[in-house]
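Everything on this sheet refers to the single structure shown next.
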Amino acid sequence: AWGMYYQSPGYEKILDQATFLDLTNSAVGSLKAERAMHFVLGAERWIDNEWQVRAETYFKRLDNLIVREYVAGITYEVSPIPGQNIRTRSGWTTPVATAGDSLTPNPVNSSTGTSYGVELFLEKRNSSPESRVSGWISYSLAHAERTNNIGLTTPYRFDQRHTVNVVLDYKWSSWFTLGVRFHYGSNFPYT
(Lines give C-alpha, C1' and ligand atoms only; values in the text may rest on other atoms or scores of the structure.)
Protein backbone atom coordinates (compact mmCIF):
# COMPACT_ATOMS: atom_id res chain seq x y z
CA ALA A 1 0.00 0.00 0.00
CA TRP A 2 1.02 3.58 -0.57
CA GLY A 3 -0.58 6.83 0.51
CA MET A 4 0.02 10.57 0.68
CA TYR A 5 -1.67 12.39 3.57
CA TYR A 6 -1.92 16.08 4.41
CA GLN A 7 -2.78 17.82 7.70
CA SER A 8 -3.58 21.51 7.51
CA PRO A 9 -2.16 23.78 10.23
CA GLY A 10 -4.49 24.25 13.19
CA TYR A 11 -4.78 24.68 16.92
CA GLU A 12 -4.17 20.94 17.51
CA LYS A 13 -0.45 21.73 17.00
CA ILE A 14 -0.42 23.43 20.40
CA LEU A 15 -1.45 20.16 22.07
CA ASP A 16 0.54 17.87 19.76
CA GLN A 17 3.89 19.44 20.52
CA ALA A 18 3.15 20.55 24.10
CA THR A 19 4.55 23.96 23.23
CA PHE A 20 3.13 27.41 22.52
CA LEU A 21 2.66 28.41 18.88
CA ASP A 22 1.27 31.83 18.04
CA LEU A 23 -1.36 30.93 15.46
CA THR A 24 -2.81 34.45 15.45
CA ASN A 25 -0.03 36.27 13.58
CA SER A 26 0.04 36.99 9.85
CA ALA A 27 2.75 34.35 9.16
CA VAL A 28 0.20 31.57 9.72
CA GLY A 29 -1.31 32.28 6.29
CA SER A 30 1.93 31.21 4.59
CA LEU A 31 2.16 27.84 6.39
CA LYS A 32 1.95 24.73 4.24
CA ALA A 33 0.04 21.59 5.17
CA GLU A 34 2.17 18.93 6.86
CA ARG A 35 2.69 15.92 4.57
CA ALA A 36 3.14 12.23 5.32
CA MET A 37 4.03 9.67 2.65
CA HIS A 38 3.29 6.08 3.75
CA PHE A 39 4.64 2.82 2.32
CA VAL A 40 3.31 -0.49 3.70
CA LEU A 41 4.16 -4.05 2.68
CA GLY A 42 2.31 -6.90 4.32
CA ALA A 43 1.39 -10.54 3.99
CA GLU A 44 -1.19 -12.65 5.79
CA ARG A 45 -1.98 -16.32 5.69
CA TRP A 46 -4.58 -18.62 7.24
CA ILE A 47 -2.66 -21.62 8.58
CA ASP A 48 -5.90 -23.57 9.00
CA ASN A 49 -9.53 -22.64 9.70
CA GLU A 50 -8.64 -21.32 13.20
CA TRP A 51 -5.16 -19.76 12.95
CA GLN A 52 -4.05 -16.72 10.99
CA VAL A 53 -0.59 -15.11 10.84
CA ARG A 54 0.19 -11.65 9.49
CA ALA A 55 3.39 -9.59 9.04
CA GLU A 56 3.71 -5.98 7.95
CA THR A 57 6.54 -3.54 7.51
CA TYR A 58 6.10 0.19 6.99
CA PHE A 59 8.01 3.38 6.27
CA LYS A 60 6.64 6.89 6.72
CA ARG A 61 8.32 10.10 5.50
CA LEU A 62 7.11 13.38 7.06
CA ASP A 63 7.70 16.82 5.53
CA ASN A 64 6.71 20.43 6.27
CA LEU A 65 6.29 19.69 9.98
CA ILE A 66 5.31 22.77 11.96
CA VAL A 67 7.74 23.86 14.68
CA ARG A 68 8.67 27.11 16.41
CA GLU A 69 10.85 29.47 14.39
CA TYR A 70 14.58 29.39 15.19
CA VAL A 71 16.34 32.76 15.23
CA ALA A 72 20.13 33.02 15.41
CA GLY A 73 21.47 35.97 17.32
CA ILE A 74 23.98 37.33 19.80
CA THR A 75 23.79 37.35 23.57
CA TYR A 76 25.99 39.30 25.93
CA GLU A 77 27.44 37.66 29.01
CA VAL A 78 28.71 39.37 32.12
CA SER A 79 29.80 38.03 35.47
CA PRO A 80 30.37 39.59 38.89
CA ILE A 81 33.91 40.61 39.81
CA PRO A 82 34.96 38.94 43.08
CA GLY A 83 35.26 41.43 45.94
CA GLN A 84 33.44 44.23 44.06
CA ASN A 85 30.01 45.68 44.76
CA ILE A 86 27.55 43.95 42.40
CA ARG A 87 25.11 46.86 42.80
CA THR A 88 27.37 49.09 40.72
CA ARG A 89 28.59 48.89 37.13
CA SER A 90 32.20 48.51 38.26
CA GLY A 91 31.25 45.28 40.06
CA TRP A 92 30.72 43.47 36.74
CA THR A 93 32.98 42.38 33.87
CA THR A 94 32.76 44.01 30.45
CA PRO A 95 29.98 42.40 28.35
CA VAL A 96 31.27 39.72 25.99
CA ALA A 97 29.31 38.97 22.80
CA THR A 98 28.60 35.27 22.21
CA ALA A 99 26.58 33.45 19.60
CA GLY A 100 23.12 32.67 20.87
CA ASP A 101 19.82 31.54 19.54
CA SER A 102 16.19 31.45 20.51
CA LEU A 103 12.93 29.81 19.56
CA THR A 104 10.08 32.20 18.88
CA PRO A 105 6.38 31.30 19.15
CA ASN A 106 6.05 31.85 15.38
CA PRO A 107 5.16 28.62 13.52
CA VAL A 108 7.23 27.61 10.47
CA ASN A 109 7.39 24.52 8.21
CA SER A 110 11.01 23.61 8.87
CA SER A 111 11.08 20.12 10.32
CA THR A 112 11.05 16.62 8.81
CA GLY A 113 10.74 13.13 10.18
CA THR A 114 10.70 9.40 9.53
CA SER A 115 8.95 6.47 11.09
CA TYR A 116 9.43 2.80 10.27
CA GLY A 117 8.91 -0.60 11.78
CA VAL A 118 7.68 -4.19 11.67
CA GLU A 119 4.46 -5.65 13.08
CA LEU A 120 3.80 -9.38 13.65
CA PHE A 121 0.33 -10.74 14.45
CA LEU A 122 -0.99 -14.24 15.33
CA GLU A 123 -4.72 -14.83 15.75
CA LYS A 124 -6.83 -17.80 16.84
CA ARG A 125 -10.57 -17.80 16.09
CA ASN A 126 -13.37 -20.03 17.31
CA SER A 127 -14.38 -22.04 14.27
CA SER A 128 -16.54 -24.66 15.98
CA PRO A 129 -18.80 -24.90 19.07
CA GLU A 130 -16.17 -27.09 20.80
CA SER A 131 -13.51 -24.40 20.41
CA ARG A 132 -13.53 -22.30 23.58
CA VAL A 133 -10.30 -20.24 23.37
CA SER A 134 -9.82 -17.36 20.95
CA GLY A 135 -7.61 -14.30 20.85
CA TRP A 136 -4.49 -12.82 19.37
CA ILE A 137 -0.94 -11.75 20.12
CA SER A 138 0.99 -8.99 18.38
CA TYR A 139 4.48 -7.53 18.52
CA SER A 140 5.69 -4.24 17.05
CA LEU A 141 9.23 -2.99 16.60
CA ALA A 142 9.10 0.70 15.71
CA HIS A 143 11.39 3.71 15.27
CA ALA A 144 10.34 7.37 14.90
CA GLU A 145 12.57 10.43 14.73
CA ARG A 146 12.38 14.12 13.85
CA THR A 147 14.96 16.50 12.41
CA ASN A 148 14.35 20.00 13.69
CA ASN A 149 14.98 23.36 12.05
CA ILE A 150 18.64 23.51 13.14
CA GLY A 151 19.48 20.05 11.79
CA LEU A 152 19.37 18.09 15.07
CA THR A 153 17.80 14.62 14.75
CA THR A 154 16.17 13.21 17.89
CA PRO A 155 13.69 10.46 18.74
CA TYR A 156 10.10 11.63 18.40
CA ARG A 157 8.18 11.91 21.66
CA PHE A 158 5.89 9.03 20.60
CA ASP A 159 8.82 6.74 19.67
CA GLN A 160 8.01 3.50 21.48
CA ARG A 161 10.47 0.84 20.36
CA HIS A 162 8.73 -2.37 21.54
CA THR A 163 5.02 -3.07 21.96
CA VAL A 164 3.40 -6.42 22.85
CA ASN A 165 -0.36 -7.07 23.06
CA VAL A 166 -2.05 -10.28 24.15
CA VAL A 167 -5.84 -10.73 24.09
CA LEU A 168 -7.46 -14.01 25.22
CA ASP A 169 -11.14 -14.96 25.43
CA TYR A 170 -12.49 -18.11 27.02
CA LYS A 171 -16.05 -19.10 26.18
CA TRP A 172 -17.26 -20.45 29.53
CA SER A 173 -20.81 -21.13 28.38
CA SER A 174 -23.19 -20.09 25.63
CA TRP A 175 -23.92 -16.84 27.49
CA PHE A 176 -20.65 -16.13 29.37
CA THR A 177 -17.21 -15.33 27.97
CA LEU A 178 -14.23 -14.38 30.12
CA GLY A 179 -11.63 -12.10 28.54
CA VAL A 180 -8.17 -10.94 29.53
CA ARG A 181 -5.88 -8.36 27.93
CA PHE A 182 -2.17 -7.67 28.48
CA HIS A 183 -0.24 -4.74 27.01
CA TYR A 184 3.47 -3.98 27.30
CA GLY A 185 5.23 -1.01 25.80
CA SER A 186 8.84 0.05 26.27
CA ASN A 187 9.52 3.57 27.51
CA PHE A 188 9.19 6.68 25.43
CA PRO A 189 12.33 8.75 24.80
CA TYR A 190 13.06 11.66 27.10
CA THR A 191 15.55 14.45 26.46
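The values are calculated or read from the model by the stated rules, or taken from the named source; none is laboratory data. What you see is a predicted model, and the numbers here were worked out from it, not measured in a lab. Using ideal geometry, Cβ is built from the backbone for each residue, glycine included, and neighbour counts are taken over all protein chains shown. In case anyone asks, the SASA skips ligands and DNA or RNA and just uses the protein heavy atoms, side chains included. Shrake-Rupley method; radii C 1.70, N 1.55, O 1.52, S 1.80 Å.
Residues TYR70, TYR170, TYR76: which one is outside any loop (DSSP other than H, G, I, E, B), out of contact with any helix residue (DSSP H, G or I) (no Cβ under 9 Å at 6 or more places or on another chain), aromatic (Phe, Trp, Tyr) and under 30 Å from SER30 (Cα atoms)?
The conditions single out TYR70.
Among the residues that make up the range 149-160, is at least one of them within 30 Å of PHE39 (Cβ to Cβ), among the hydrophobic types (A, V, I, L, M, F, W, C) and either open to solvent by less than 60 Å² (accessible area, probe 1.4 Å) or in a strand (DSSP E or B) (or both)? Break it down stepwise before answering.
Of the range 149-160, the ones within 30 Å of PHE39 (Cβ to Cβ) are 149-160.
With among the hydrophobic types (A, V, I, L, M, F, W, C) added as a condition, the list becomes 150, 152, 158.
Restricting the remaining residues to those that are either open to solvent by less than 60 Å² (accessible area, probe 1.4 Å) or in a strand (DSSP E or B) (or both) gives none.
No, the range 149-160 has no match at all.
Here are some residues: SER111, SER128, SER138. Which one is closer than 20 Å to TYR58 by Cα, hydroxyl-bearing (Ser, Thr, Tyr) and more than 12 Å from the chain's Cα centre (by Cα)?
Answer to the selection: SER138.
Which of (1) surrounded by 14 or more Cβ atoms within 10 Å (Cβ to Cβ); (2) outside any strand (DSSP E or B) does TRP175 not meet, given it meets every other one?
The number of the failed condition is (1).
Considering the range 111-126 alone, what residues qualify as being surrounded by fewer than 17 Cβ atoms within 10 Å (Cβ to Cβ) and either of a type outside the set (A, V, I, L, M) or at pLDDT below 95 (or both)?
Result: THR114, TYR116, ARG125, ASN126.
Which of the residues belonging to the range 17-39 are in contact (Cβ under 8 Å) with a residue 12 or more places away in the chain and outside any loop (DSSP other than H, G, I, E, B)?
Scanning the range 17-39 gives GLN17, ALA27, VAL28, GLU34, ARG35, ALA36, MET37, HIS38, PHE39.
Considering each residue of the range 22-43, count those that are open to solvent by 100 Å² or more (accessible area, probe 1.4 Å) and more than 13 Å from ALA1 (Cβ to Cβ), and give that number.
Of the residues in that region, 3 qualify.
Within the range 128-139, can one find any residue that is charged (D, E, K, R), under 30 Å from ASN165 (Cβ atoms) and surrounded by fewer than 16 Cβ atoms within 10 Å (Cβ to Cβ)?
Looking only at the range 128-139, we keep the residues that are charged (D, E, K, R), and these are 130, 132.
Right, trim to under 30 Å from ASN165 (Cβ atoms) and you get 130, 132.
Going one step further and asking which of them are surrounded by fewer than 16 Cβ atoms within 10 Å (Cβ to Cβ), we end up with 130, 132.
Taking every residue of the range 128-139 in turn, at least one turns out to be charged (D, E, K, R), under 30 Å from ASN165 (Cβ atoms) and surrounded by fewer than 16 Cβ atoms within 10 Å (Cβ to Cβ).
Quick check on my filter: what residues within the range 8-47 are at pLDDT 90 or above and under 13 Å from LEU62 (Cβ atoms)?
Answer for the range 8-47, where residues must be at pLDDT 90 or above and under 13 Å from LEU62 (Cβ atoms): LYS32, ALA33, GLU34, ARG35, ALA36, MET37, HIS38, PHE39.
Which one is nearest to SER131 (Cα to Cα) among residues in the range 44-66 that are β-branched (Val, Ile, Thr) and open to solvent by 40 Å² or more (accessible area, probe 1.4 Å)?
Across the range 44-66, the extreme among qualifying residues is ILE47.
When the residues of the range 151-179 are narrowed to those that are touching a Phe, Trp or Tyr at 6+ places or on another chain (Cβ under 8 Å) and aliphatic (A, V, I, L, M), which ends up farthest from ASP63 (Cα to Cα)?
Among those residues, the one meeting the criterion is LEU178.
Within the range 67-108, restricting attention to residues that are hydroxyl-bearing (Ser, Thr, Tyr) and under 16 Å from ASN149 (Cβ atoms), which residue is least open to solvent (accessible area, probe 1.4 Å)? Steps first, please.
First, pick out the residues of the range 67-108 that are hydroxyl-bearing (Ser, Thr, Tyr): 70, 75-76, 79, 88, 90, 93-94, 98, 102, 104.
Restricting the remaining residues to those that are under 16 Å from ASN149 (Cβ atoms) gives 70, 102, 104.
Numbers: TYR70: 84, SER102: 59, THR104: 27 Å².
Selected residue: THR104.
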